[in-house]
Amino acid sequence: MVERQSPLEPELHIGSHGNFEHGIEILLTETRPGSIVQLAAWPGEEKNLMTAIRTVTGLALPDGAGGGLSDGVKSVFGFAPGKFTVADDAEGLAAAFAEAVTPAIGTVTDLSHGRTVIRIAGPKAEWVLAKFFAIDFALTAFPVGAGRSTAHHDVFAQIQRTGADQFDIYVFRSFARSFWKALCHASEEVGYEVQ
Amino acid sequence: MLITCPYCGPRDVIEFTYQGDGNRERPDPASQNFEAWNAYVYDRLNPAGDHNEIWQHSGGCRTHLRVVRNTLTHEISSVAFVRGDHASGARRKAEDRS
């Protein structure tokens with residue numbers, strides 16, 4: 001496999017930044033999953049696709065719009081009707097799904113090199129994201145595991161909540177550095193650490 | 001203006017793209033009926049009140065939506081998927097939250 005370089009590298013400065021004298025309230029990391037795929041079911045094949053996802057990843061998707069879950073290694077969430085994003089720390093997800101998702105069920109798109117995943121965590125994560133996206137980040141409206149599709153200044157973002165105060169943001173690789181810089185600027189006033 | 005996407009829930013209008021009048025009926029592509037084509041391309045109701053419209057949630061789930069919007073008040077009285085077979089995805093509404 002080709003060695004993948006991070007698009008964030010020139011702007012990824014490990015350490016504490018901003019107004020952190022009174023504590024760090026935001027942690028920013030790039031999760032760098034080995035594979036990211038998008039799956040789409042043909043009309044009426046949604047349940048079969050969810051079964052294929054369970055077969056390949058072992059994750060049983062909950063019913064419902066934007067439903068998802070993560071076991072810390074593999075993550076899956078719905079981002080549109082009959083469409084799902086799956087990420088895995090290991091490579092080879094696309095090949096595994098190409099076996100399980102037959103042409104009669106739907107399609108598999110390998111986005112491992114096309115998306116960058118930025119993780120924002122900490123007590124002020126909701127607060128920082130609320131400056132970016134006009135969606136409700138409250139735990140009741142956006143439960144752990146769930147996914148949301150939205151956009152920030154025309155940069156499409158898929159957001160999965162992977163913890164009570166932790167979110168994974170999937171952005172286009174080509175926009176990732178710009179988005180990362182914006183996230184850093186937005187986190188400055190509460191103090192952030194890049195790991 | 002908020003549009004309650006049947007999949008994503010209430011979202012700002014900035015995430016949506018207007019795809020035109022929802023009342024138009026496209027003639028058969030082989031049709032030579034110029035009046036029907038003229039009506040399809042140019043004739044609009046322009047009502048002062050409820051209006052059937054097609055919107056795309058282009059900044060979200062990217063589905064196409066059938067929206068009834070009041071042109072006087074911007075009140076949106078109904079939103080549904082254009083494709084009926086998405087019906088099973090219609091699960092999240094603003095009032096469902098507790």
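Each value in this text was obtained by applying a stated rule to the coordinates, not by laboratory testing. It should be emphasised that the depicted structure is a prediction, and the values quoted were computed from it without experimental measurement. All Cβ positions, even for glycine, are placed from backbone atoms using ideal geometry, and neighbour counts span all protein chains on display.
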message: Nothing charged except the Cβ atoms of Lys and Arg (+1) and of Asp and Glu (-1): what's the magnitude of the dipole of segment A:35-110 about its Cα centre? Round to the nearest 20 debye.
response: 200 debye
message: Net charge around residue B:45, counting only other residues with Cβ within less than 15 Å of its Cβ (Lys, Arg = +1; Asp, Glu = -1)?
response: -2
- request: Between residue B:68 and residue A:138, with labels modelled 7 Å along Cα→Cβ, what's the label distance in nm to one decimal, could you check?
  value: 2.9 nm
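Stretched out fully, how many nm does the piece from residue A:13 to residue A:63 gain, at 0.36 nm a residue minus the Cα gap? Display every interim value, and only then the final one.
Values: separation 50, 0.36 × 50 = 18.00 nm, distance 3.97 nm.
Working it through step by step, the gained length comes to 14.0 nm.
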field: Any cysteine of the protein assembly as shown lacking a neighbouring Cys Cβ under 4.7 Å - listed by number
entry: A:184, B:61
- prompt: Hey, how many Å between the Cα centroid of segment A:1-46 and the Cα centroid of segment B:37-84?
  reply: 37 Å
Estimated distance in nm for a label pair at residue A:164 and residue A:98, the labels positioned 7 Å out from Cα along Cα-to-Cβ: 4.3 nm
message: Loop-only GluC sites (Glu not before Pro) in segment B:1-55, please: DSSP not H, G, I, E or B, and at most 10 other Cβ atoms within 10 Å.
response: B:25
task: For residue A:47 and residue A:31, calculate 0.36 nm times their separation in residues minus their Cα-Cα distance, and state this gained length in nm to one decimal.
output: 2.9 nm
field: Electrostatic dipole magnitude of chain B [Cβ: Lys, Arg +1; Asp, Glu -1; Cα centre; debye, to 20]
entry: 400 debye
- request: Could you tell me which of B:13, B:40, B:27 has its Cα farthest along the dipole of chain B towards the positive end, charges placed at Cβ (Lys, Arg +1; Asp, Glu -1), taken about the Cα centre?
  value: B:13
query: What is the average number of partner chain Cβ atoms found within 10 Å of a Cβ in A:127-139?
result: 2
message: Whole angstrom only: what separates the Cα centroid of segment A:131-154 from the Cα centroid of segment A:71-95?
response: 18 Å
Alpha-carbon centroid distance for the pair segment A:100-126 / segment A:174-195, whole angstrom: 20 Å
query: How much FRET efficiency would the formula 1/(1 + (r/R0)^6) give for residue B:44 and residue B:75, where r is the Cβ-Cβ distance and R0 is 22 Å, rounded to 0.05?
result: 0.60
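Which length gain, in nm to one decimal place, applies between residue A:21 and residue A:89 when the Cα-Cα distance is subtracted from 0.36 nm times their residue separation? All intermediate terms of the calculation are to be shown ahead of the outcome.
Details: separation 68, 0.36 × 68 = 24.48 nm, distance 3.40 nm.
Stretched fully, the residue A:21-residue A:89 segment lengthens by 21.1 nm.
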